[in-house]
Amino acid sequence: MLRILLGEPPRRNSGVLAEAMDNMAEVASMLRKEMNAHEDHDHEFRKLEIWTRGLISSLDELEQSCFAAGFYRKLVVAGYMDDMSTQEQGDYARYVYFYKNGFIRVFSLLDKLGTVLNSLYNLNTSQSKAHFSYFTVLRQFQLLKEHVPLSEELESIKDSYREPLQNLRKRRNAEIHYMNAEMQDDLWQRHQGLHDKIRLEDLDSHLEDLKQGLEMVCKSLCAAFRYSNEQWHKNKAITSKNAGTESR
């Protein structure tokens, strides 16, 4: 959608983004088959299917925000706010909007994934923390010592992106709880020299953190839904084998 508004061609999914989308679509299809095969009286399959399709939409929106932030960043050339033309100030404001939209969506999407995993594997995370995050769910996996291969893979992915996630989390917390994230640097610079020109934050470094956050989200979704696909096919094979044995 945003690419069309920006005059860019539609996105062609590739790499880890395509893999994440495909794995989620396969799980959604699997859940739909289960609903068709059984009556799903408690609507558990339906709920999980809706959540999974919601994750697909959320990942699409996160990627678009990341792309739009990168698009507008290229239009910002001045190093200081005071040196910007009116047009460039508008492009900078649009960069900031999509960048902030992106880093907020990183953690929102991870928490949605945590909700799906908690329900899918009956982790009962809410018993230890009523309002839990994705990272609480990872700790619950370790505490229960269940689905260890998935737990270890998700932990490894999280650790591989520790620094960019920490950077994004600090800016997310500042944006939500204190002040506009981009104004933190302005405040610090005012402390250094009240009448000095305000230099822009390191846009490229911040944008790279967001790209790394998107990559971390994609890899986490890949791992979670690939494992779910494998578990479903394994359970179906066991069920079919047992049914064959009983019929003899």
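The values are calculated or read from the model by the stated rules, or taken from the named source; none is laboratory data. Not measured: the values here are computed from a predicted model. Here the Cβ is made from the backbone with ideal geometry for all residues, glycine too, and neighbour counts use every protein chain on show.
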message = Any residue at all in the range 11-33 that's free of Cβ contacts under 8 Å to residues at least 60 places away in the same chain and touching a Phe, Trp or Tyr at 6+ places or on another chain (Cβ under 7 Å)?
response = yes
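Do we have TYR72 as surrounded by 15 or more Cβ atoms within 10 Å (Cβ to Cβ) and of a type in the set (Ser, Thr, Tyr) here? Walk me through it before giving the result.
Working: surrounded by 15 or more Cβ atoms within 10 Å (Cβ to Cβ): yes; of a type in the set (Ser, Thr, Tyr): yes.
Yes; evaluated as a whole, the condition is true for this residue.
Quick grid of which residues meet (1) among the charged types (D, E, K, R); (2) within 17 Å of TYR227 (Cβ to Cβ); (3) modelled with pLDDT of 80 or more:
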position	(1), (2), (3)
GLN127	no, no, yes
LEU143	no, no, yes
ASP159	yes, no, yes
GLN166	no, no, yes
MET183	no, no, no
ASP196	yes, no, no
Which listed residue is of a type outside the set (Gly, Ala, Ser) and under 20 Å from LEU109 (Cα atoms), from ASN36, ASN13 = ASN13
Number of the condition not met by LYS170 [criteria: (1) over 15 Å from the mean Cα position of the chain (by Cα); (2) over 20 Å from SER205 (Cα atoms)] = (2)
key: In the range 109-160, the residues that are crowded, with 19+ Cβ neighbours inside 10 Å, of a type outside the set (Ser, Thr, Tyr), outside any loop (DSSP other than H, G, I, E, B) and free of Cβ contacts under 8 Å to residues at least 40 places away in the same chain   = GLY114, ASN118, VAL137, LEU138, GLN140, PHE141
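For the range 66-73, does any single residue satisfy the condition of being closer than 22 Å to LEU117 by Cα, touching a residue at least 24 places away in the same chain (Cβ under 8 Å) and not in a loop (DSSP other than H, G, I, E, B)? Even if it seems obvious, please write down each step before you answer.
Kept after step one, since they are closer than 22 Å to LEU117 by Cα, are these residues of the range 66-73: none.
Looking for residues that are closer than 22 Å to LEU117 by Cα, touching a residue at least 24 places away in the same chain (Cβ under 8 Å) and not in a loop (DSSP other than H, G, I, E, B), one finds none in the range 66-73, hence no.
If you go through the range 85-105 one residue at a time, do you hit one that is under 22 Å from ALA25 (Cα atoms), out of contact with any strand residue (DSSP E or B) (no Cβ under 6 Å at 6 or more places or on another chain) and modelled with pLDDT of 95 or more?
Keep residues of the range 85-105 that are under 22 Å from ALA25 (Cα atoms), which gives 105.
In the following step, the residues that additionally are out of contact with any strand residue (DSSP E or B) (no Cβ under 6 Å at 6 or more places or on another chain) were identified as 105.
Filter again for modelled with pLDDT of 95 or more, leaving 105.
The answer is yes, given that some residue of the range 85-105 is under 22 Å from ALA25 (Cα atoms), out of contact with any strand residue (DSSP E or B) (no Cβ under 6 Å at 6 or more places or on another chain) and modelled with pLDDT of 95 or more.
Conditions tested, residue by residue: (1) in a helix (DSSP H, G or I); (2) modelled with pLDDT of 95 or more; (3) over 22 Å from ASN118 (Cα atoms).
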| residue | (1), (2), (3) |
| --- | --- |
| GLU34 | yes, no, no |
| ASP40 | no, no, no |
| LYS47 | yes, no, no |
| ARG53 | yes, yes, no |
| GLU63 | yes, yes, yes |
task = Among the residues of the range 1-31, write down those that are among the charged types (D, E, K, R), surrounded by 14 or more Cβ atoms within 10 Å (Cβ to Cβ) and farther than 16 Å from LYS219 by Cβ.
result = ARG3, ARG11, GLU26
inquiry  = For the range 75-95, which positions are of a type outside the set (D, E, K, R), surrounded by 15 or more Cβ atoms within 10 Å (Cβ to Cβ) and free of Cβ contacts under 8 Å to residues at least 60 places away in the same chain?
reply    = MET84
Test result for PHE98, in a helix (DSSP H, G or I), surrounded by 19 or more Cβ atoms within 10 Å (Cβ to Cβ), aromatic (Phe, Trp, Tyr) and touching a Ser or Thr at 6+ places or on another chain (Cβ under 8 Å) = yes
task = Working only within the range 74-95, note down all residues that are over 16 Å from HIS206 (Cα atoms) and either outside any helix (DSSP H, G or I) or in contact with a Cys (Cβ under 8 Å, 6 or more places away or on another chain) (or both).
result = ALA78, TYR80, MET84, SER85
